[in-house]
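All remarks here apply to the structure that follows.
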Amino acid sequence: MFRRILASFLLIVALPLAAQQPPKLEPLPEPPPPPPGVSADQPGEPSVRIQAGSGDQVDEQVIDGRRVVRVTTPLGQEYYLIEDLATARA
């Protein structure tokens, strides 16, 4: 009996949700042109450079096409920079 009540309640709740229409989508506007002095061929972000401080240990490796830089401070804290070389060349 409880299952029939639960099933009918779920059906009553689910029917209005299933009857909703998806929203009408509009196309996105064209992006604005790049600012003066910047060409569209240049990458949008400068490359990241890590400068080691005094006593920092820097380990750099290339693993599966990714450049991984690990910086270890004298206190033992580790910081990582992971760069995907495939997207950096594109």
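Annotations
- When peptides 60-67, 14-21 are sorted by average Cβ neighbour count within 10 Å, with the highest value leading, the order is 60-67, 14-21.
- Multiplying the residue separation of residue 10 and residue 72 by 0.36 nm and subtracting their alpha-carbon distance yields 16.7 nm.
Laboratory data are not the source of any read-out in this text; all were calculated from the coordinates shown. Everything numeric in this text was worked out from a predicted model, so none of it was measured. So basically every Cβ, Gly included, is an ideal-geometry build from the backbone, and we count neighbours across all protein chains shown.
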